[in-house]
1. Tell me whether region 399-416 contains one or more residues that are open to solvent by less than 90 Å² (accessible area, probe 1.4 Å), among the hydroxyl-bearing types (Ser, Thr, Tyr) and at pLDDT 95 or above.
2. Can residue 74 be described as open to solvent by 40 Å² or more (accessible area, probe 1.4 Å), basic (Lys, Arg) and either outside any loop (DSSP other than H, G, I, E, B) or closer than 16 Å to residue 111 by Cβ (or both)?
3. Could you please tell me which pairs satisfy a Cβ distance under 9 Å, a separation of 6+ or placement on different chains, a first residue in region 283-302 that is within 24 Å of residue 399 (Cβ to Cβ) and of a type in the set (Val, Ile, Thr), and a second residue that is open to solvent by 30 Å² or more (accessible area, probe 1.4 Å) and not in a loop (DSSP other than H, G, I, E, B)?
4. Specify the residue that is most open to solvent (accessible area, probe 1.4 Å); the eligible residues are those in region 199-240 that are of a type in the set (D, E, K, R) and in contact with a Leu (Cβ under 8 Å, 6 or more places away or on another chain).
5. Scan region 365-382 residue by residue and report those that are open to solvent by 10 Å² or more (accessible area, probe 1.4 Å), within 20 Å of the chain's Cα centre (by Cα) and free of Cβ contacts under 8 Å to residues at least 60 places away in the same chain.
6. Going through region 89-106 one residue at a time, which ones are touching a helix residue (DSSP H, G or I) at 6+ places or on another chain (Cβ under 6 Å) and either open to solvent by less than 60 Å² (accessible area, probe 1.4 Å) or modelled with pLDDT of 85 or more (or both)?
7. Do we have any residue at all in region 238-252 that's in contact with a Lys or Arg (Cβ under 6 Å, 6 or more places away or on another chain) and part of a helix (DSSP H, G or I)?
8. For region 281-311, how many residues meet the condition of being open to solvent by 10 Å² or more (accessible area, probe 1.4 Å) and in contact with a His (Cβ under 7 Å, 6 or more places away or on another chain)?
Amino acid sequence: MSSWGVWRHGRAMLWIAAGVVAFGFLVALEIAARRYGEPGPITNQVQALLLAPKPGPLYGGLVLMMVVLTWRQRFIAAGAAIGVDAALLPVRWAAGGEMSDGGFFGTGALWVMLGFAVVAVTRRTGDERVLLLKGVGLGLLLVAARKTGDTWLLITSKTRPTVLDQYVAMADHALGNPSWLAGRLVEATDPVSSHVLQLVYGQLAVAAVVVAFHQLRNVAAERRFPRHHLVRTFLVIGLLGPGIYMLFPVVGPVFAYGPGASGTGGVEWAAANLWPHTPLPISTPAPMTYDGITPRNCMPSLHTAWAVAIFIHTRRAPRPLRFAGTFWLVATLAATLGFGYHYGVDLVAGVVFALTIEAALRSFARGWDRQGVRLLVHGTTIFVALLVSYRYLPMRMAGHPEVFGPLLILAMTSVILGYVRTTRLWESTLAPARQPEPQPEPV
């Protein structure tokens, strides 16, 4: 077998192994969810084939799959998906089936993606089959990530009865309790600010799909995917972040120090009803018991991490997308603080988390070198140091904000500067050397 054949065989075996591991993970989550009396990601996905689906990125997954299709095929796929949903809608109404959380559409998109998977297996061969399966897999991964994330958040609430909000709240004194300030600003500018920020916060996946579709717009013509794109970063952030939730369970200031939100949690579980009007007093922190419903999904802020990833991946896009990426980042930071979903130190950890993952994925795509390894080690070290300081030095951080506040910002800035310098170095080495212009022959 030639070296090319060995390489392709190795990649195929790697993909098969990854698929087996992913399926095993989904099965494990399904079993865990059922232990707590809830359907898991596999059940939810199967139900979405017939029942009204929960709101989620089903059509977003279809859009991502379309990057491997021609424009004619895209119109056919979109029309088929909308047609299926339109046909099912009166049937569901006639049967008296309730729409799940207001979700009316999405089943058609799921059917079309599965249909193209069948087409790939039965009607395509060679590289064309692989490309179409990659497109289908990309779309289904986005959908599965949402289902998996919902199940994982359920597990965090059931398996982590105590939370560490008091520690994080004390550490947040080093930054001046920005969530308290942002919460008062949002309240003062309500309802305009709350409506805009809620739209941005709730539609982060839509923004990601738009940016990803732009990055992958040439896949159908070039018949290959780029070495690195936003979807990879998004999925890895969503895969690794929830693991930190289990190690560092935090519910957020609106739940731990406020009246709760959207009917979840409440004052009866809070340490005190202080957010956002009363400055948080400095007191010795301790783990506190919280309800079995609210997800422990604050540390790090994955909304911040995802918004940072969108910002990074729009830097080389056309100007409207660059502006949109900047706006989405700023608005997401404002929403996470202003709604009381996160503390300021969560956001610092989220920025470092996102840049470290992005650096690792870019290094993997282009080939590891000294600069990539150094940046990965630096980002990982800073991230671990942040978590350790939040847990074991919160009183020192609260007592000396003039020292620890700048240190937190400097630590985050060091990762940002390291990322910028390293990626610029990579880009300069990849840029082709400029050829001298031909000079006229002397007469």
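1. yes
2. Details: open to solvent by 40 Å² or more (accessible area, probe 1.4 Å): no; basic (Lys, Arg): yes; either outside any loop (DSSP other than H, G, I, E, B) or closer than 16 Å to residue 111 by Cβ (or both): yes.
Judged against the criteria, residue 74 is not a match.
3. 284/166; 284/395
4. Initially, region 199-240 is screened for residues of a type in the set (D, E, K, R), giving 217, 222-224, 227, 232.
After this cut, where a residue has to be in contact with a Leu (Cβ under 8 Å, 6 or more places away or on another chain) as well, the list is 223-224, 232.
Details: 223: 90, 224: 134, 232: 59 Å².
Filtering first and then ranking leaves 224.
5. 376, 380
6. Residues of region 89-106 touching a helix residue (DSSP H, G or I) at 6+ places or on another chain (Cβ under 6 Å): 105-106.
Passing the criteria: only 106.
7. Taking every residue of region 238-252 in turn, at least one turns out to be in contact with a Lys or Arg (Cβ under 6 Å, 6 or more places away or on another chain) and part of a helix (DSSP H, G or I).
8. 1
The values are calculated or read from the model by the stated rules, or taken from the named source; none is laboratory data. Everything numeric here is computed off the predicted structure, so don't read it as measured data. A quick note on method: Cβ atoms are made from the backbone with ideal geometry, for glycine too, and the neighbour counts reach across all protein chains shown. Only protein heavy atoms, including side chains, enter the accessible area calculation; ligands, DNA and RNA are left aside. Shrake-Rupley method; radii C 1.70, N 1.55, O 1.52, S 1.80 Å.
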